[in-house]
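One structure below.
A short reminder: the numbers here are calculations on the coordinates, not readings from a lab. Remember, it's a predicted structure, so these values are computed and weren't measured experimentally. Cβ placement follows ideal geometry from the backbone for every residue including glycine, while neighbour counts extend to all protein chains displayed.
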Amino acid sequence: MSKTDEVIAKTAPEHLIDHNLIDRDVEKLCDGMVLYEKRPAKRLDGSVAEGLFNAWIIFNNPKQYNSYTTDMVKATILAFRRASVDREVNAVVFTGTGDRAFCTGGNTKEYAEYYAGNPQEYRQYMRLFNDMVSAILACDKPVISRVNGMRIGGGQEIGMACDFTIAQDLANFGQAGPKHGSAAIGGATDFLPVMIGCEQAMISGTLCEPFSAHKAARLGIIGDLVPALKVNGKFIANPMVITDQMLDEYGRVIHGEFKTGAALKEGRALLKEGVVDLSLLDQKVEEMCAKLLETFPECMTKSLEELRKPKLQAWNQNKENSRAWLALNMMNEARTGFRAFNEGTKETGREIDFVKLRQGLAKGVPWTDELIESLMPTEKK
Ligand SMILES: CC(C)(COP(=O)(O)OP(=O)(O)OC[C@H]1O[C@@H](n2cnc3c(N)ncnc32)[C@H](O)[C@@H]1OP(=O)(O)O)[C@@H](O)C(=O)NCCC(=O)NCCSC(=O)C1=CCCCC1=O
């Protein structure tokens with residue numbers, strides 16, 4: 001027994017007060033669609049730090065790209081609270097099941113089939129959503145977004161609320177809002193300008209064009225990335241993205257941009273040949289957890305509190321107005337856009353004809369059920 005072990009044995013209180021909010025398994029709140037696991041924390045040399053853990057909060061809805069349902073949002077709030085007050089927890093790893101998606105945001109089926117046209121219900125949902133973002137930003141432990149696959153829409157928003165992001169390099173990032181009837185005001189419009197500057201934030205928050213993990217690293221949205229594709233037993237960089245060239249012939253930065261034409265075709269073929277292996281991602285995440293472990297805990301929490309302020313201040317300034325606007329928007333554009341995504345298919349497309357809508361609005365047509373119905377992507381475009 002070391003000297004410190006002796007002191008611990010002598011001075012630890014017999015009874016500890018539990019500061020957790022509710023004493024129920026997170027999994028039970030949402031049919032196992034959010035998992036909460038305590039995994040042994042390790043030192044930098046890889047040895048287990050006995051009695052200490054990292055809390056893994058895992059979205060487990062892979063068939064719907066780990067989009068979150070209302071029950072999952074509730075479970076996530078409580079999971080973050082649990083990790084925040086657990087004395088044994090060093091860091092939180094926030095991730096999703098599988099290798100396709102970290103999270104693609106709110107569950108569009110639920111949006112289309114329950115919340116569409118029901119603003120008072122969506123306002124209540126948005127209370128929960130806002131609490132989920134706030135729970136991440138208020139967690140007393142450092143939060144790492146382990147990006148196992150695409151991080152889109154609300155998924156990108158909750159990802160950006162985290163303190164660190166480590167991604168596998170096949171993952172894409174971006175917003176979905178204005179294409180699907182929403183505005184990216186669940187955190188993106190607050191965090192993006194702070195993280196990547198106003199111009200890039202504007203591009204991401206309005207145009208909804210996905211970008212690669214390599215570009216995300218270049219822009220500064222993520223802290224680190226690792227390769228995930230193994231071809232013939234060897235890790236290679238995402239073959240659908242330009243990773244071996246910085247500039248094009250005109251001096252424009254192209255590193256991290258998606259390949260096009262024949263190069264893209266080749267990249268896709270290579271992707272099919274390989275297998276996705278997230279072991280390097282886990283290694284990097286463990287390494288980050290170990291670095292965080294080897295620090296003073298209260299100084300760590302204070303540093304987090306201070307460094308989160310730019311994000312938190314923007315978020316707190318806007319979140320209530322955003323909630324109210326999003327609720328009312330469920331009467332028309334969200335109602336239309338999320339229904340279109342939910343009812344459309346790969347064949348019909350999952351977006352409305354935006355020009356047709358704009359042509360109607362230019363003539364002053366009101367938002368009627370008939371208008372919405374006419375915009376659904378039922379015919380082949
Ligand atoms: C671009 C995509 C993320 C990926 O496209 P692709 O790779 O072509 O896959 P799909 O065939 O589209 O999807 C595969 C299956 O997953 C289902 N899916 C995907 N995303 C969701 C989701 N968010 N909710 C429910 N189900 C989802 C999809 O239906 C497919 O299943 P199927 O059985 O039909 O084969 C693309 O999937 C995409 O654009 N997804 C939707 C993104 C989105 O609109 N998210 C919501 C954004 S809004 C939001 O998150 C908000 C947060 C809080 C504030 C308010 C707000 O709006």
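Note that region 226-237 has calculated 3J(HN,Hα) couplings of 9, x, 10, 8, 10, 10, 6, x, 10, 5, 10, 5 Hz, one per residue in order, obtained from phi through the Karplus relation 6.51 cos²θ - 1.76 cosθ + 1.60 (θ = phi - 60°); glycine and proline are x. Per residue, the convex hull spanned by the Cα atoms of the chain measures out at 170 cubic angstrom.
Could you give me D for region 1-86, from Stokes-Einstein at 25 °C and 0.890 mPa s, where the hydrodynamic radius is the Kirkwood radius over C-alpha pairs? Units µm² s⁻¹, please.
Values: Rh = 15.2 Å.
Taking Rh from Cα pairs, D becomes 162 µm²/s.
Counting beta carbons within 10 Å around each of 180, 214 and listing the fewest first gives the order 214, 180. The alpha carbon convex hull volume per residue for region 115-155 rounds to 74 Å³.
Distances between placed amide hydrogens fall under 5 Å for residue 90 paired with 53, 54, 55, all partners being 5 or more residues away or on another chain. Name the long-range amide H neighbours of residue 96: under 5 Å, sequence gap of 5 or more, or other chain; modelled H, no Pro or chain starts. Residues meeting the criterion, in which the H sits 1.01 Å from N, are 59, 148. Converting phi to 3J(HN,Hα) with the Karplus coefficients 6.51, -1.76 and 1.60 and the offset θ = phi - 60°, region 10-16 yields 7, 10, 5, x, 6, 10, 10 Hz in sequence order, with x at every glycine or proline. For the peptides 250-262, 61-73, residues were scored by their other Cβ atoms within 10 Å and the scores averaged per peptide; the highest-first order is 61-73, 250-262. Just report the Cα centroid separation between region 1-17 and region 40-56, whole Å. Using only Cα atoms, the two centres lie 19 Å from each other. Dipole size of the chain about its Cα centre, with +1 on Lys/Arg Cβ and -1 on Asp/Glu Cβ: approximately 600 debye, rounded to the nearest 20. Using Cβ point charges alone (K and R +1, D and E -1), the dipole size of region 201-320 about the Cα centre works out to roughly 260 debye. Listed from fewest to most Cβ neighbours within 10 Å, the set 84, 145, 204, 47 follows the order 47, 84, 204, 145. The order of the peptides 292-298, 33-39, 224-230, 185-191 by mean Cβ neighbours within 10 Å, most packed first, is 185-191, 224-230, 33-39, 292-298. Beyond 21 Å, what share of the Cα-Cα pairs of region 120-194 is found? Please give it as a whole percent. Value for region 120-194 (Cα pairs over 21 Å): 28 percent. Using only Cα atoms, locate the centre of region 200-239 and the centre of region 261-316, then give the distance between them in Å, rounded to an integer. Each part reduced to its Cα centre gives a spacing of 11 Å.
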